[in-house]
Each structure stands twice: as C-alpha cells, then as structure tokens.
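For reference, the structure discussed in these notes is given below.
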Amino acid sequence: MAWTREEMAARAAKELRDGFYVNLGIGIPTLVSNYIPTGMAVQLQSENGMLGTGPFPYEGEEDADLINAGKQTITELPTTSFFSSADSFAMIRGGHIDLSILGAMQVAENGDLANWMIPGKMVKGMGGAMDLVAGVKRVVVLMEHSAKNEPKLLPKCDLPLTGAQVVDMVITDLGVFTIDKHGKGGMTLVEVANGTTLDEIKAKTAAHYTVAPGLK
Amino acid sequence: MSQGKIYPNAAAALSGLLKNDMTIMAGGFGICGIPESLIEAVSASGVKGITAISNNAGIDGVGLGVLLETRQIRKMISSYVGENKLFAQQYLAGELEIEFNPQGTLAERIRAGGAGIPAFFTKTGVGTSVAEGKEVREIDGARYVMERGLVADVALVHAWKGDTEGNLVFRKTARNFNPLMATAGKVTVVEVEHLVEPGEIDPDHIVTPGIYVQRIIHVPDPTKRIEQRTVRKRVMA
C-alpha cells in the first residue's frame, strides 16, 4: 500500500522549518497544517490577504469577513495580520515566503509545472499559483502519482504551464523526488513510500530520474 | 451646505457614471468584501458591454454573477472564476471574453494603474501562455515579462467603516482588492457598513485616504454570505 493523503501531508510537513512563512495550496496541501510539529513556529500565509491563519471556527462563530484562499471560514491567531492583495503578492513575488506547497496536474523532469488549465475543458483560472511558483523560495508539489493510471511525472508537460523550471520537490503517494531545477542534476527519487517498490514507481513514472544511492 | 461625497443610495451614487461598453472594477475575493449593493445598482441600470475587472466572477446569482445572468458583461479580467457555472457556460459558448491574469499580476496591475505607472516587469508567467505577445526582458540575469497598469472608468469598493471625507477602514480578509481598486478608478464609489464623522477614525488606522474616494453610500447590516462554511466541533471539557 502506498501513502494515504494524510501520510503524504505528514511527509510534506517534514519540509517545514522553525520560523518559516509558508503558503499552502488547496486540497491535500491544506492538510499539512495538521502536522506542524509542536513547538515549531510556522506562520501560514493566505494569499487573499492574511498572515497567521488559525483553525476553522467553532460552529456558530463563522465570520463571512474571515476566510482563507479556498474561501473557507477560518480564525485569527495572536500573530495574525491582514493586508491588501497587492501587499500579499508583494510578499509572494518579493521572495519573502519560504515555502509553497501546492497541488499539480503534471510535473516535468526539469521542474516545469502544469496545474491550472485543460484546454477546451476547464476554465477556472490560475489564481495565485503562477505568482507562488515564480516568487516563493522553495516549491514543493504534493499530488497523487498518477491520474486514472496516466502518469503525472513526465519528460515534458503537455498541459499549459503554470511555471517553467519552478519545482524543487515532488511528494506523491509512492515516494519523494527532488528536482535540480536550475542545474543539470535532473530528477532524483530520494524516498520510497511504505509498501511500494522501485519497480512499481518505475512503471508509473514517465519522467526520467535517477535513484538516490542506497534506496530500495 | 454641500452634499459632499455622501449619496442617499446606490442608484444615486452611480447616476451619470454608467454607460455601455465601460470598464468597471469591483473589489472582493470570492464573495468576501464585494460591493454588493453597488453591483445590484449596475444590474438595475441595464448598461451592457461591460468589461469587469475583478479577481473572481462571484457565484451564481451573487456579486458579479448577477451581471453575468443578465448578460451585461462582455469581458472579464480575473484570476479565478472556478465557482461560477454560468461563467463557464457563457465562455465555452463564445458569449463572454476572458482575460486570465495571475492574481499577483492582477493586483500589481491595479496598484500600478492607480499610482500612474503604465507598465512593470515581473517574473510571474515567464515561460507560460501569460507571457505570449508581451515583451520579455532579461534583467540581472533573470527573465521578466512586461505587464501593463490597469485603470477603470468606475471602481466599486466595499469598506467596513468610512467617514464622510472618504477615509476608509476595511475588516479582516474583506480588505483584499478593495484598497487597490479605490486608487485605480477614474471615479471611485464606496459602500460602507459604518458611516462616521471625520475624526472618529484614528488617522493612524486609515487604510485608504479620502482623496481616492469620490462618492459614498451607507449600507448598514449588509447580508454577507459564506461560500465554504467550515467549522470544528467544540470539545467539551
């Protein structure tokens, strides 16, 4: 058995460091907030204009003026600040956010990312994803390894890109890959999920990658 | 005594400002902090061919969704419209034009427009379809795409509190695009939940100075909808 969504989120939480400012995308990345180690100071940024997002409110305490980027009702913390969308993206594009964890439809072996559009089919828009991958110091993708048995880790993305050479790490239900997005190191498999084999990963991955020494 | 900036209702505040084929900015993120009374008055006016600049398109029947239902919008400049089914239908049928902007690019275009900056360079969108047809320049070894500032004929803004001079304060995440849009409208019309006299807001707390605001209406106790109600259970001690 591969990693569950919860186990994937827990693995992604290992990328957090004390003092980090972090933006979590919608979907599995949101679950990462449940695995912040006790005693570690991590401030979560929500790109609609809030730093220091708190948990969901208790029933009856929802505030329509207090939502996250997924439009879910949330709460404040003592550290919270509010600001405009321009200030929010100045943080993101100015390189002040340490880590972005987001979902993807496709990732290429050179770090290209596609997660916003399926031509002729899906017209939702990119929201803040293009800004996040262009501006945040480190970009971690958290996604299922395959979609309906089609590989999502590819030599080259065939969907329209969200960003070119932007992904540093990919965490899937089968394992963890690092990407040397600015160098020539390519993609490396660095961890294998419990109950998965190197052969299974090889069969389900179209991208070229090397296997880290000692991995089995 | 002069009427000043205060108008009795949304229709009065918009009188003389609306015409076909105009550009309107509307604040809000999802349906949080949207200028709902002002949007309804635009709907009632019947103006058509609107280019609407707004991060989202509301939801079906709420916010800009109202103007989509009445087919008053010809083009949207937005970053994300995923929650509006009618939008997808009209777009796929070729009845509605859409220009998707990355959210930070949209925010910065509006900020720049309001500050008299006609264009700027950003890393966002380089190597993607967003950069197609735009100047890409290498600066200090990295590639950047040129984006243009945005202004509108009218900006519609929702604020929590405002004084009669137009000094504004926003509440929590209902701030979002509202302060930027206030600077980028040739005429900026604001609805405030609490209308107070000058001096009642601490000058240090004012987010939008009144110079950006031309017309104000008071909308006490507006209905605020929640798009995704998420809660946790109270654990009894």
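Values in this text are rule-based calculations from the coordinates and carry no lab data. Values in this document were obtained by computation on a predicted structure and should not be read as measured data. So basically every Cβ, Gly included, is an ideal-geometry build from the backbone, and we count neighbours across all protein chains shown.
Projecting the Cα atoms of A:L24, A:L154, A:Q106 onto the charge dipole of chain A, computed from C-beta unit charges around the Cα centre, puts A:L154 farthest toward the positive end. Taking a straight line from the alpha carbon of B:K19, these aspartates and glutamates sit under 18 Å away, with near neighbours fewer than eight places off in the same chain left out: B:E40, B:D153.
Please give the average number of partner chain Cβ atoms lying within 10 Å of the Cβ of each residue in A:107-118, rounded to a whole number.
Numbers: counts 0, 0, 0, 0, 0, 2, 1, 1, 0, 6, 3, 0.
That average works out to 1.
For the segment A:133-143, counting C-beta atoms of other chains within 10 Å of every residue's C-beta and taking the mean gives 2.
With Cα atoms as the point set, the radius of gyration and Dmax of the protein assembly as shown evaluate to 22.8, 84 Å. Among A:L102, A:L198, A:L153, the largest mean-square fluctuation in a Gaussian network model of chain A, built with springs joining Cα atoms closer than 10 Å, belongs to A:L198. Cross-link pairs exceeding 25 Å between alpha carbons, from the set A:K124/B:K134; B:K172/B:K233; A:K148/A:K184; A:K137/B:K233; A:K124/A:K202; B:K75/B:K186: A:K148/A:K184; A:K137/B:K233; A:K124/A:K202. Cα centroid separation, segment A:132-200 to segment A:1-15: 14 Å.
The spacing between segment B:16-88 and segment B:176-216, judged by their C-alpha centroids, is 21 Å.
May I have the convex hull volume per residue, in Å³, for the Cα set of chain B? Walk me through the intermediate numbers first.
Working: hull volume 43.5 nm³, N = 237.
Value for chain B: 183 Å³ per residue.
Using only C-alpha positions, report the orientation-averaged shadow area of the convex hull of segment A:129-176, nm², one decimal. All intermediate terms of the calculation are to be shown ahead of the outcome.
Values: hull surface 14.7 nm².
Taking a quarter of the hull surface, the average projection is 3.7 nm².
So what is the calculated 222 nm ellipticity per residue for chain A, using -39500 (n - 2.57) for each DSSP H run with n of 4 or more, over all residues, to the nearest 500 deg cm²/dmol? Don't skip to the end; give the middle numbers.
Values: 5 runs with 35 residues, N = 216.
Dividing the helical sum by the residues of chain A leaves -4000 deg cm²/dmol.
When the protein assembly as shown is described by a simple charge dipole with +1 on each Lys and Arg Cβ and -1 on each Asp and Glu Cβ, the residue from A:A69, B:I39, B:T105 located farthest towards its positive end is B:T105. Mean silhouette area of segment A:5-211, derived from the convex hull of its C-alpha atoms and averaged over all directions, reads 12.5 nm².
Of all beta bridges that DSSP places with both ends in segment B:86-188, some 75 percent have antiparallel geometry. Simple rule: put +1 on each Lys or Arg Cβ and -1 on each Asp or Glu Cβ in the protein assembly as shown, find the dipole, and look at B:A11, A:L132, A:N34; the Cα lying farthest toward the positive end is A:L132. A viscosity of 1.306 mPa s and a temperature of 10 °C, combined with the Kirkwood radius over Cα pairs in Stokes-Einstein, give a translational diffusion coefficient for segment A:6-119 of 105 µm²/s.
Calculated mean residue ellipticity at 222 nm for chain B: -5500 deg cm²/dmol, from DSSP H runs with n ≥ 4 weighted as -39500 (n - 2.57), summed, divided by the residue count and rounded to 500.
Can you give the mean number of other chain Cβ atoms that lie within 10 Å of the Cβ atoms in peptide A:40-48?
Numbers: counts 0, 0, 0, 0, 0, 0, 2, 6, 12.
If you average over the peptide's residues, the count of other-chain Cβ atoms is 2.
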